[in-house]
Amino acid sequence: LYPDDGSSADTLLKNASTALYHSKLQNHSHYQFYHDDLNHDSLESLKLENDLRHAIERNELDLYYQPKIDLESGMVNSVEALLRWRHPAIGMIPPDEFIPLAEKTGLITKLGYWVLETACRQIRKWQDVGHEHLSVAVNLSALQFRQTDLLERIHKTLECTSICANQLELEITESTIMDDIDTASSTMRALHCSGVRISIDDFGTGYSSLSHLKRFPINTINIDRSFIRDITIDSDDAAIVSAIIAMAHNMGLRVIAEGVETREQLDYLKTLDCDEVQGFLFSPPIPHEDAAEFVGKTVDALLPAANTEMSAS
């Protein structure tokens with residue numbers, strides 16, 4: 001705004017561009033007025049972006065793993081691979097800070113393939129020591145999902161790591177597939193035909209429905225943690241989760257409940273015949289060297305350790 005933010009057209013346009021940049025970093029419905037602090041924030045973002053570009057070659061990235069428990073067998077049958085960045089100067093940077101930056105700059109595709117290859121190599125190592133049926137879930141960004149060579153890259157990774165296609169699960173958000181339904185359907189059918197499993201992540205937070213999802217060849221629905229948090233005390237959340245599980249099963253889909261933190265939530269999900277659970281009750285995401293401890297464990301073996309850790313914290 002003239003004259004507070006500049007006395008010339010060039011200055012006003014430059015500062016407006018700075019405000020626009022910060023608006024885009026928030027979300028599509030955000031607006032931003034310029035203020036002096038934004039220049040400092042822009043410099044910090046540019047520096048972080050530059051550091052992120054070199055994070056792979058500098059070995060600053062790592063994968064943490066969180067177990068998924070099959071409630072029928074009571075065993076850890078799968079793990080989710082989650083990206084972490086330990087910055088040499090700043091320390092551990094939360095994913096909700098660098099993932100949006102990677103998505104905005106296009107770096108998410110490079111990071112995504114690194115995650116895919118690293119996770120498959122780690123699963124192969126665990127399989128080689130006796131956990132043959134262990135599978136891994138990897139998050140697929142919207143930008144990566146739209147890449148024309150996606151299927152080729154996935155096939156090459158599976159071949160190089162000797163992982164069976166059905167032991168890789170790709171987690172895709174609702175909004176990703178609903179942006180362009182026809183293209184998404186074509187891509188997902190190609191993935192499905194190759195044997196790769198597909199799950200819809202954070203289900204319930206987007207703008208699709210199970211009636212929409214019947215168009216896609218998916219295997220699993222991940223119920224968002226926001227519905228699980230109050231499932232034992234909020235009748236609306238309980239009704240929503242119960243309906244999702246019942247309808248998904250009628251469509252031949254498996255259901256995973258994310259964000260399980262209490263024994264009461266676990267017991268309630270069992271009464272609803274939920275297929276799998278995941279959350280801090282069993283283990284937070286942890287490095288691969290520590291994650292080996294829960295691979296092959298039962299839910300009963302995980303619960304005492306999880307409860308002790310939560311009590312200590």
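Of all beta bridges DSSP finds with both residues in the chain, what is the antiparallel percent, to the nearest 5?
Values: 18 of 40 bridges.
Around 45 percent of the beta bridges assigned by DSSP in the chain are antiparallel ones.
What is the dipole size for the range 88-165, taken about its Cα centre, with +1 at each Lys and Arg Cβ and -1 at each Asp and Glu Cβ, in debye to the nearest 20? Can you show the working numbers first?
Details: 8 positive and 9 negative charges, 23 e Å.
For this selection, approximately 100 debye.
Note down the nm distance, to one decimal, between modelled labels 7 Å out along Cα→Cβ at Asp96 and at Arg229.
Each label point is offset 7 Å from its Cα along the Cβ direction, giving 1.0 nm.
Tilt of helix 9-26 relative to the longest C-alpha principal axis of the chain, in degrees (0 to 90, nearest 10)?
Approximately 10 degrees, to the nearest ten.
When the helices in the chain are scored as -39500 (n - 2.57) per DSSP H run of 4 or longer and the sum is shared across all residues, what 222 nm value do you end up with, to the nearest 500 deg cm²/dmol?
Working: 14 runs with 154 residues, N = 313.
-15000 deg cm²/dmol, from helical runs alone.
Using the crude model of +1 on Lys and Arg Cβ and -1 on Asp and Glu Cβ, and no other charge, please compute the dipole size for the chain relative to its Cα centre, in debye to 20.
Numbers: 26 positive and 49 negative charges, 193 e Å.
For the chain, the charge dipole is close to 920 debye.
Which whole-number value in Å² is the accessible area per residue of the chain, probe 1.4 Å?
Values: 15980 Å² over 313 residues.
Dividing the accessible area of the chain by its residue count gives 51 Å².
Restricting to DSSP loop positions (anything but H, G, I, E, B) with no more than 16 other Cβ atoms inside 10 Å of their own Cβ, which GluC sites (Glu not before Pro) remain in the range 67-139?
Values: sites: Glu72, Glu80, Glu97, Glu103, Glu117, Glu132; in loops: Glu72, Glu132.
Those satisfying the criteria are Glu72, Glu132.
Using +1 on the beta carbon of Lys and Arg, -1 on that of Asp and Glu, and nothing else charged, what's the dipole of the range 128-219 about the Cα centre, debye to 20? Walk me through the numbers before you get to the answer.
Values: 7 positive and 13 negative charges, 51 e Å.
The calculation lands at about 240 debye.
Set Lys and Arg Cβ to +1 and Asp and Glu Cβ to -1, take the dipole of the chain about its Cα centre, and tell me which of Asn77, Leu281, Ile233 lies farthest positive.
Asn77
Any idea what the relative contact order of the chain is, in percent, if you count C-alpha pairs under 8 Å spaced at least 6 apart? Display every interim value, and only then the final one.
Numbers: 466 pairs, mean separation 51.8, N = 313.
Relative contact order, the chain: 17 percent.
How big is the gap, in Å, between the Cα center of the range 56-128 and the Cα center of the range 144-189?
For the range 56-128 versus the range 144-189, the Cα centre distance is 17 Å.
Which angle from 0 to 90°, rounded to the nearest 10, does the C-alpha axis of helix 150-161 make with the longest principal axis of the chain?
Approximately 50 degrees, to the nearest ten.
Please turn the phi angles of the range 46-51 into ³J(HN,Hα) values with the Karplus equation 6.51 cos²θ - 1.76 cosθ + 1.60 (θ = phi - 60°), one per residue in order, whole Hz, x for glycine and proline.
5, 5, 5, 4, 5, 5
Where does each of 168-179, 183-194 land if you order them by average Cβ count within 10 Å, highest first?
168-179, 183-194
So what's the angle, to the nearest 10 degrees on a 0 to 90 scale, between helix 235-250 and the longest Cα principal axis of the chain?
Orientation of helix 235-250: about 70 degrees from the principal axis.
Carbon and sulfur: what percent of the chain's accessible surface (1.4 Å probe)? Spell out each step's value before the answer.
Details: 8090 of 15980 Å².
Carbon and sulfur together cover 51 percent of it.
Order these peptides, 57-65, 104-112, by their mean beta-carbon neighbour count within 10 angstrom, highest first.
Working: 57-65: 15.4, 104-112: 17.3.
Going by the mean number of other Cβ atoms within 10 Å, highest first, we get 104-112, 57-65.
Rounded, prolate or oblate: which one fits the range 162-205, using the alpha carbon gyration tensor with axes a ≥ b ≥ c (rounded when a/c is under 1.5, else prolate when a/b beats b/c, else oblate)? Provide the component values of the computation, followed by the final result.
Working: a/c = 3.72, a/b = 1.49, b/c = 2.49.
Oblate shape, in that a/c is at least 1.5 and b/c is the bigger or equal ratio.
What shape does the range 115-239 take by its C-alpha gyration tensor, where a ≥ b ≥ c are the square roots of the eigenvalues and a/c under 1.5 counts as rounded, a/b above b/c as prolate, and the rest as oblate? Before the final figure, lay out each step's value.
Working: a/c = 2.48, a/b = 1.36, b/c = 1.82.
In terms of gyration-tensor shape, oblate.
The values are calculated or read from the model by the stated rules, or taken from the named source; none is laboratory data. Quick caveat, the model's predicted, so the values are computed rather than measured. Here the Cβ is made from the backbone with ideal geometry for all residues, glycine too, and neighbour counts use every protein chain on show. These area figures cover heavy atoms from the full protein model, side chains too; ligands, DNA and RNA do not enter into them. Shrake-Rupley method; radii C 1.70, N 1.55, O 1.52, S 1.80 Å.
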